[in-house]
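The values are calculated or read from the model by the stated rules, or taken from the named source; none is laboratory data. These figures come from a predicted structure and were not determined experimentally. Cβ: placed from backbone, ideal geometry, glycine included. Neighbour counts: every protein chain shown.
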């Protein structure tokens, strides 16, 4: 259950190859890659800066992956999340899940991403033509996470 928070970019193909390497039980790999957009809430974005609470952030991500393993019959998970200053087109986050079957992998991957967006301690600041602004949590992210409860 690798979890990494880092400033450097990641190689999607290499990360997924490493996650499934040597495990003949893997019949499915589901993944999600989030990237920086050039527009958010109607304003141009030149830079997205992500901050986190070291130690606490990794623990939170590990807890989310543990919850996914308890809910679905999955083999392994991977979360790589970048911090620091990023530009449009840069990769921000990778969530990948391996399992024997696609349904379990898809569900667990979506769950991890939904919970990551709402539960992990990251803070985002955008640089726009109007100045810097902190990015508030979205109601749609809260609603996505809420559907997994209950």
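Observations, loosely collected:
- Residue list for region 1-19, filter: outside any loop (DSSP other than H, G, I, E, B) and either modelled with pLDDT under 95 or exposed (fewer than 15 other Cβ atoms within 10 Å of the Cβ) (or both): 6, 12, 13, 14, 17, 18
- Assessment of region 27-45 against the conditions (farther than 24 Å from residue 135 by Cα and part of a loop (DSSP other than H, G, I, E, B)) yields at least one matching residue.
- When region 46-58 is filtered for residues that are outside any strand (DSSP E or B) and either on the phi > 0 side of the Ramachandran plot or under 20 Å from the mean Cα position of the chain (by Cα) (or both), the ones remaining, listed by number, are 53, 54, 55, 56, 57, 58.
- Flag for residue 142 being under 20 Å from residue 47 (Cβ atoms) and without any contact (Cβ under 8 Å) to a residue 60 or more places away in the chain: no
- Cβ pairs under 7 Å, 6+ apart, first in region 21-43 and in contact (Cβ under 8 Å) with a residue 24 or more places away in the chain, second exposed (fewer than 12 other Cβ atoms within 10 Å of the Cβ): 35/89; 36/89; 43/129; 43/130
- Verdict on residue 124 being part of a helix (DSSP H, G or I) and surrounded by fewer than 22 Cβ atoms within 10 Å (Cβ to Cβ): no
- In summary, residue 137 fulfils each of the numbered conditions (1) modelled with pLDDT under 95; (2) over 14 Å from the mean Cα position of the chain (by Cα); (3) crowded, with 21+ Cβ neighbours inside 10 Å with the single exception of condition (3).
- Number of residues in region 119-132 that are in contact (Cβ under 8 Å) with a residue 12 or more places away in the chain and within 23 Å of residue 42 (Cβ to Cβ): the value is 9.
- Entry remark, region 50-66: residues being surrounded by fewer than 16 Cβ atoms within 10 Å (Cβ to Cβ) and either in contact (Cβ under 8 Å) with a residue 40 or more places away in the chain or touching a helix residue (DSSP H, G or I) at 6+ places or on another chain (Cβ under 9 Å) (or both) number 7 in total.
- Residue selected from region 67-82 under the condition without any contact (Cβ under 8 Å) to a residue 40 or more places away in the chain and in contact with a helix residue (DSSP H, G or I) (Cβ under 9 Å, 6 or more places away or on another chain), by the criterion surrounded by the fewest Cβ atoms within 10 Å (Cβ to Cβ): 73
- Filtered by the rule that a residue be crowded, with 18+ Cβ neighbours inside 10 Å, at pLDDT 95 or above and outside any helix (DSSP H, G or I), region 93-121 gives 93, 94, 95, 96, 97, 98, 99.
- Residue 68 being more than 20 Å from residue 110 (Cβ to Cβ) and modelled with pLDDT of 95 or more: no
- Condition met for residue 89 (touching a strand residue (DSSP E or B) at 6+ places or on another chain (Cβ under 7 Å), in a loop (DSSP other than H, G, I, E, B) and more than 14 Å from residue 3 (Cα to Cα)): yes
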